[in-house]
Amino acid sequence: MWRQKTPDSQGSKAPHSGVFHEHSHDVQAAQAVNSALLAVFWLLVSVFILSLVASGHANNYVQTFWRPFLLLAATLVGLLSLSTLGQSLRQASGKNMLRTPWFAYLLLIPAVLVVASAPSPLGAAMLENSTNASSLSGSDGGSPSSSAIGAKFQGGLDLTPLNPNQPNPLTLEELSDRFNLGDPKELWGKPLRVIGFVSHGLPEDAYGDIGEPRKPGQPKAAYQLSRFKIFCCAADGISYSAVIVTDQDIPNDTWLQIDGQIVEDDSLNAVFIKPTRITPIPQPEKPYL
């Protein structure tokens, strides 16, 4: 025998079904909005990286050969973010957008901070925050390499003779190699031209043994001219430095082109240069060696 449903029994599930449907819609909308926020975050990151590549500021953080890969990766991330953002916005209604938890928008803070405070290239602060020994020519951020602690392997390299009549452009790395791996006396009397940024602090063994103070007759240092070399990115940078002998002090991180001659003194364990001309220059487009 069939039992006929009463009006009450027919309508008893209707309110419950409506509430369930509305709750499901709210959850889907909230998920869509959260996906949209994540898409905006990655879109900002991709735009930031693209701007670094386009402006050349990416050279402050990575070697130049990585720029095409950064460009490709940032473009792909940007396109995927735009696609995700469009899909998420279509799924979310304006009514449900208002119900998104306020803390979801905190996802945007890291992107804003990165865009607003892009770090500078490695400079004087990195050298001065490490040990004094790391200020030697050809040292990394923590301990000096064997070629940078005053061990001069005379005759170890077959180096092209320098011109005695005009400035010889050398990178600080090349100057370090000639001083540490060649015969330092071959640098005596030769006009040099080097480029780097100003940093302060001296190698611990610049004047002799580690910790030994400057002796009478030895040159008085004003600052160092330094430059970093990176192999992949700024995290693996090593520094090359030369000590500048002058009465003129210059602020940290000022980029200079210095013409001068190496100080002729066998007792020195670092490259000391007596300038004949000091020229302030803009930061090079490629700040690393």
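The values are calculated or read from the model by the stated rules, or taken from the named source; none is laboratory data. Fair warning: this is a prediction, and the values are worked out from it, not measured in the lab. When we count neighbours, we look across all protein chains shown, and the Cβ atoms used for this are built from the backbone with ideal geometry, even at glycine.
The table for this structure:
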{"quantity": "Selection count where residues are farther than 16 Å from Leu82 by Cβ, of a type outside the set (Val, Ile, Thr), in contact (Cβ under 8 Å) with a residue 12 or more places away in the chain and in a helix (DSSP H, G or I), scope region 46-60", "calculated": "5"}
{"quantity": "Verdict on Asn59 being within 18 Å of Pro121 (Cα to Cα) and in contact with a Pro (Cβ under 9 Å, 6 or more places away or on another chain)", "calculated": "yes"}
{"quantity": "Of residues in region 196-216 being among the aliphatic types (A, V, I, L, M) and either buried (at least 18 other Cβ atoms within 10 Å of the Cβ) or in contact with a Cys (Cβ under 9 Å, 6 or more places away or on another chain) (or both), the one farthest from Asp249 (Cα to Cα)", "calculated": "Ala206"}
{"quantity": "Selection within region 159-182 - outside any loop (DSSP other than H, G, I, E, B), under 23 Å from the mean Cα position of the chain (by Cα) and surrounded by fewer than 19 Cβ atoms within 10 Å (Cβ to Cβ)", "calculated": "Glu173, Glu174"}
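Residues checked against (1) surrounded by 10 or more Cβ atoms within 10 Å (Cβ to Cβ); (2) touching an Asp or Glu at 6+ places or on another chain (Cβ under 6 Å); (3) modelled with pLDDT under 65; (4) closer than 30 Å to Lys229 by Cβ:
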{"site": "Ser24", "(1), (2), (3), (4)": "yes, no, yes, no"}
{"site": "Val27", "(1), (2), (3), (4)": "yes, no, yes, no"}
{"site": "His57", "(1), (2), (3), (4)": "yes, no, no, yes"}
{"site": "Phe69", "(1), (2), (3), (4)": "yes, no, no, yes"}
{"site": "Leu80", "(1), (2), (3), (4)": "yes, no, no, no"}
